[in-house]
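Below is one structure; the comments refer to it alone.
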Amino acid sequence: HTGDDDFVARISGDEFVIIRDDEADQHALDRLADKLLAVVCTPLSLAGQSLVVTASAGLAFSDDGQATEAHVLRRADAAISEAKTNGRNTVARYAVGQDTQALIRLTLEAGLRSALDDHSLVCHFQPIVNMATGDVTGAETLVRLRGSDHVLVPPLLFVPLAAELGLLGQLTEQVIDQACAAAACWRATGGPR
């Protein structure tokens, strides 16, 4: 399905790149990506079982012809990340700003993994007050991630990422550990029970 002059290479375990050095119409490249995905997801028979494989494709272009190969590959990587986010067996085209978004996501992921490895998630506790008596009866745990710039990142930004990466269980366990340690300290000092 690729052209005679196309360069096809495997760049990592399950990632391939096709380099086309011509002024091909972008719609033609979209059609090529769709055809390649159709070929990849054609059911295979293995030991009497039907097996279907899916893939994602990211398209990037050297719009002005001045971008380096590394720059175009980074654009393609950002586009494929977008395709994977949109669901398997999809094609996404690089859009201006995606590499910035990809860098932000990579930085957030690295910070999250580091915080989990170091047990350095930040928990704040918001008191729960019995309005009739004014007594503090407990606390709600609010988790934050300390960013590389020491700014606290709200859970809305990193909890969905933790779920996507399969790290939600580890994150939850560490938050529960911190909450239980704080509760034990409060009990020992006569604080809320």
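The values are calculated or read from the model by the stated rules, or taken from the named source; none is laboratory data. Note that the coordinates shown come from a computational prediction; the quantities given were computed from them, not determined experimentally. Every residue, glycine among them, receives a Cβ derived from its backbone with ideal geometry; neighbour counts consider all protein chains shown. With ligands, DNA and RNA removed, areas are computed over all heavy atoms of the protein, side chains included. Shrake-Rupley method; radii C 1.70, N 1.55, O 1.52, S 1.80 Å.
Go through the stretch 41-59 and give me each residue that's surrounded by 10 or more Cβ atoms within 10 Å (Cβ to Cβ) and of a type in the set (A, V, I, L, M). The answer is Leu44, Val52, Val53, Ala55, Ala57, Leu59.
Of (1) open to solvent by less than 60 Å² (accessible area, probe 1.4 Å); (2) under 30 Å from Val72 (Cα atoms); (3) modelled with pLDDT of 90 or more, Ala95 satisfies all except one. Which? Here Ala95 meets the rest and fails (3).
Residue-by-condition table, conditions (1) within 27 Å of the chain's Cα centre (by Cα); (2) at pLDDT 75 or above:
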site	(1), (2)
Phe16	yes, no
Asp21	no, no
Asp30	yes, yes
Ser50	no, yes
Ala67	yes, no
Ala78	yes, yes
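When each of Ser120, Ser148, Ser62 is tested for being free of Cβ contacts under 8 Å to residues at least 12 places away in the same chain, among the small types (Gly, Ala, Ser) and surrounded by fewer than 17 Cβ atoms within 10 Å (Cβ to Cβ), the lone residue that passes is Ser62.
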